[in-house]
Amino acid sequence: MIEGLIALKQWPLFSAIIINNKQPHFRNEKILLIIILYVCIDISFAYNRPLSKSDYNIERDVLSEILPDSVYSLLKNRPIILYAYGHYGYSWSLITRIDNHLQAFSGNLSYGGNRYLTEPTEFNQFDSVSFFSANASLLSWGFDTIPVMGAKMTPIKRANYITLYKALYVINSKGDLVFNSNDAVAFSGPDSIGFNEKFNRLCLIMRWLSEPNIRQYIPDSLIY
């Protein structure tokens, strides 16, 4: 966690806010806490993962190579929010709409190409009803608004190269990749502060879904 706090000073979004506004400009302390936790978790878990190709494009035609068949078979003609994090192998989480209901999946792809789905256990189960209720507007923004606003934004990459790769993808019901954060940590453009707040919160809850072992480090108040 200490390394994460030190690295925060070099994080493009945080630095840009300080430069442009002389002091951090967040709507409330909760947003600042979300960003600090997100960066700290990145640094704290960075050295436990294998490397990933930073130019890996995730589209529906290659989802079959990433997702277990039991998940992939459910995704035809359905919109998808997909988050991937790691190195050569990585963890992933996915939210989709099935019969007008939101449903979440998570798992990982090993370095050897083996696909795993995270099965519910007494240690990783969560209150899905409360989760989707608390994040309904954010997920709606992810499905419907981020592809439109994202097209007007310019991605900001890390100032210093690190070996981790993470990205948020939105795929529409036609199978088109309509948003790819492409390892960006923030975006500049119209209403960039509001956009970045929601983008980082969406990444946080998707990361929380993808790796049950980090949930103990994130307060429930930031997720529900």
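The values are calculated or read from the model by the stated rules, or taken from the named source; none is laboratory data. As the structure is a prediction and not an experimental result, all values here were calculated from the model. Neighbour counts are summed over all protein chains in view; Cβ atoms, including those assigned to glycine, are modelled from backbone coordinates with ideal geometry. Calculation scope for accessible area: heavy atoms of the full protein, side chains included, ligands and nucleic acids excluded. Shrake-Rupley method; radii C 1.70, N 1.55, O 1.52, S 1.80 Å.
Yes/no per residue for (1) of a type outside the set (Gly, Ala, Ser); (2) over 24 Å from Ser133 (Cα atoms):
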| position | (1), (2) |
| --- | --- |
| Ile156 | yes, yes |
| Gly189 | no, yes |
| Ser192 | no, yes |
| Glu197 | yes, no |
| Leu204 | yes, no |
| Gln216 | yes, no |
| Ser221 | no, no |
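Counting only residues that are of a type outside the set (Phe, Trp, Tyr) and touching a Ser or Thr at 6+ places or on another chain (Cβ under 7 Å), the range 160-182 holds 2 of them. So, of the residues in the range 209-220 that are assigned to a helix (DSSP H, G or I) and in contact (Cβ under 8 Å) with a residue 40 or more places away in the chain, which turns out to be farthest from Tyr85 (Cα to Cα)? Per the criteria, the residue is Tyr217.
Scanning the range 83-107 for residues that are free of Cβ contacts under 8 Å to residues at least 40 places away in the same chain and not in a loop (DSSP other than H, G, I, E, B), which turns out nearest to Pro68 (Cα to Cα)?
Phe105
To keep it simple, each residue is scored yes or no on (1) out of contact with any strand residue (DSSP E or B) (no Cβ under 6 Å at 6 or more places or on another chain); (2) not polar (S, T, N, Q).
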site: Asn124; (1), (2): yes, no
site: Asn160; (1), (2): yes, no
site: Leu164; (1), (2): yes, yes
site: Ala167; (1), (2): no, yes
site: Glu211; (1), (2): no, yes
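Of the residues making up the range 70-90, those that are open to solvent by 10 Å² or more (accessible area, probe 1.4 Å) and within 17 Å of Gly112 (Cα to Cα) are Tyr88, Tyr90.
Going by what's in this entry, would Ser110 be described as surrounded by 18 or more Cβ atoms within 10 Å (Cβ to Cβ), touching a Pro at 6+ places or on another chain (Cβ under 9 Å) and under 21 Å from Leu209 (Cα atoms)? Against the criterion (surrounded by 18 or more Cβ atoms within 10 Å (Cβ to Cβ), touching a Pro at 6+ places or on another chain (Cβ under 9 Å) and under 21 Å from Leu209 (Cα atoms)), Ser110 does not qualify.
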